[in-house]
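Below: the structure, in C-alpha cells.
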Amino acid sequence: MVSPTSLSIREEHNGIRLHNDENTYTVNREASATLDSTKAFEGPEKLLEVWFAPDRYNLPRSMTPDGLKSVPRELWEDMLDLVHCKVLSFIGTSEMDAYLLSESSMFVFPHKLILKTCGTTTLLAGLPRLLDIACVHAGYPKGMEPWRVFYSRKNFMFPDRQKYPHRSWKDEVKYLDAHFSNGSAYMVGRMNSDHHWYLYSAKRDATSSVKTDSVAADGRFEDETLEIIMTGLDREKAVQFYNGQVPEIASDSDASSASSEELDPGHSLGAEITTKCGLANLYPFSRIDSFLFSPCGYSANGVTDATHNYFTVHVTPEPGCSYASFETNVPSAVAGMNSLDVVSYVVGIFQPSQFSVTMFETRGTDNSFVNACVKGLAPSEIPGYTRTDRIVYELDEYDLVFVAFEKSEA
C-alpha cells in the first residue's frame, strides 16, 4: 500500500474552498473527530451510478473539459447534505476524486459519478440536485437524460427503519421512474433468502428530442465492476474492526501510515487495520484512504494514479447484523489475478457465513469468471463454501452475473 499521506495534506476548515487538485489528500478533521457510529445498524448500501458519457473523451461539447471533476467540492457537499452524510477525507487524482464519507463513499469522474451510502441515508433524495449540478456547473445539456443510470442494493436487514424514498423497492422504482423515461427494474436471487439483490437501470432514449448537443454515438467501451456482499462475519475476523482492539493490534505495526500529527485517530487507525487485515496487499499499487469508526466499523477507498480504477470496502462488524462489502472496477489483467482469485482473497479476510458475488460488465470483456458463469460453469470451488445460486442476465450491452454462496457444513 502507498500511503496517501506521502502527498500534500490539507486540513479542512469551514468556509475555505478546496479545489480538487490531482494527487492531493484532504482530511475533514472536524467531521472525523465528532463522528460516532454507535447507532449504525444497516450495513447494506444503496449504490447509484450516473453516467453522462461512456468516457471522458466523449463528453458533450457543452461540458467543461474535466466534466464533473470541475465541480467545486462544496457543491457536492451540499448534495450530500440531502443524503445525510458528510465527507471525512478526499483523494484527488487526474482521473477521479474519491471521497470517503461518514456513510460509505463517492467517486467523481469527468463523465460519471458513483455514490454508495449505508444506514438510513436517503441517497435518492440527492439525485435531483446531482442532475442539476451536472447541468448548471458542468455544462451537461439541460433536458438531456444521462447516458446510463444504475441503482442497486441488497435486501435491507431493517427495511422498516428506512426513510422515503427507500421504504420499499416499489417506492424506489417509482421515484427513479419519475426522473428517467426508459428505466427497467429487476430483482435478482431468491426472495426467501438473506441474499437477493435489486437493480434499476436506465438508458437514454436514442430518439431523445433534445438536439442541442449530443454525446458520441454508442460505440465499444469497456466497463467491469465486481461487488462482493458478505454477511455473518466470523467473530474473530470482525473484532479487528472494533476501535478498542486496534491499539493492541497496531502496537508492533510497521504500516506505511501517517504519524498521529498528520492524521486524526480514525484515519490513523484505519491505515493500521488496512495493513493488518490484509487489504493493503490486494492491490499494492494503489493509494488507500481508510477510517476506523468509534466504537466500531471501517471504510476504505483505494485508487490508482493515472487510471480510473478504484476499490472500496465497508464493514459493519456488530454481532447479529455483521456485514462487509467490497467493490472494484480494477480489471483482472491489471491486478494480475482473475476475479475468482480476488473473491477468494476478500472472502478469506472476513470469512462470512454467506456472501454473494455480482459481476457487471460490458459484453465481450474477457473475464474468465463471467465466461464460466454464462456457459453454466459458475465456480463452486471457493474454499469452505458451497454455491447456492447462479443467475445470468443480458442487459443491453452488459452481462450481469449473480452467484451466491454459503459456508459449508464442517
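The values are calculated or read from the model by the stated rules, or taken from the named source; none is laboratory data. In this text, all values refer to a predicted model and were calculated from it rather than measured experimentally. Heads up, the Cβs are rebuilt from the backbone with ideal geometry, glycines too, and the neighbour counts pull from every protein chain shown. The area values use the complete protein model at the heavy-atom level, side chains included, leaving out ligands, DNA and RNA. Shrake-Rupley method; radii C 1.70, N 1.55, O 1.52, S 1.80 Å.
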key: Scan of the stretch 158-197 for residues that are touching a residue at least 24 places away in the same chain (Cβ under 8 Å), of a type outside the set (Asp, Glu) and in contact with a helix residue (DSSP H, G or I) (Cβ under 8 Å, 6 or more places away or on another chain), ordered by number   = Tyr164, Pro165, His166, Tyr175, Leu176, His179, Gly183
key: Scan of the stretch 217-250 for residues that are modelled with pLDDT of 55 or more and among the hydrophobic types (A, V, I, L, M, F, W, C), ordered by number   = Phe221, Leu226, Ile228, Ile229, Met230, Leu233, Ala238, Val239, Phe241
task = May I ask you to list the residues in the stretch 118-137 that are crowded, with 22+ Cβ neighbours inside 10 Å and small (Gly, Ala, Ser)?
result = Gly119, Gly126, Ala134
query = Out of curiosity, is Glu397 open to solvent by less than 50 Å² (accessible area, probe 1.4 Å), over 24 Å from Tyr298 (Cβ atoms) and either among the basic types (Lys, Arg) or at pLDDT below 90 (or both)?
reply = yes
inquiry  = Go through (1) open to solvent by less than 10 Å² (accessible area, probe 1.4 Å); (2) under 14 Å from the mean Cα position of the chain (by Cα); (3) on the phi < 0 side of the Ramachandran plot for Ser104 and report which single condition fails.
reply    = (3)
message = Being over 21 Å from Phe293 (Cβ atoms), open to solvent by less than 60 Å² (accessible area, probe 1.4 Å) and either at pLDDT 70 or above or in a loop (DSSP other than H, G, I, E, B) (or both) narrows it down to one residue among Ser184, Ser253, Ser209, Ser257; which is it?
response = Ser184
remark   = Here the residues within the stretch 86-100 that are assigned to a loop (DSSP other than H, G, I, E, B) and among the aliphatic types (A, V, I, L, M) are Met96
remark   = Checked the stretch 303-325 for anything in contact (Cβ under 8 Å) with a residue 40 or more places away in the chain, assigned to a strand (DSSP E or B) and within 19 Å of Phe109 (Cβ to Cβ); matches are Val303, Tyr310, Thr312
ask   = Within the stretch 70-81, can one find any residue that is crowded, with 17+ Cβ neighbours inside 10 Å, at pLDDT 60 or above, more than 19 Å from Gly266 (Cβ to Cβ) and in contact with a Lys or Arg (Cβ under 8 Å, 6 or more places away or on another chain)?
value = yes
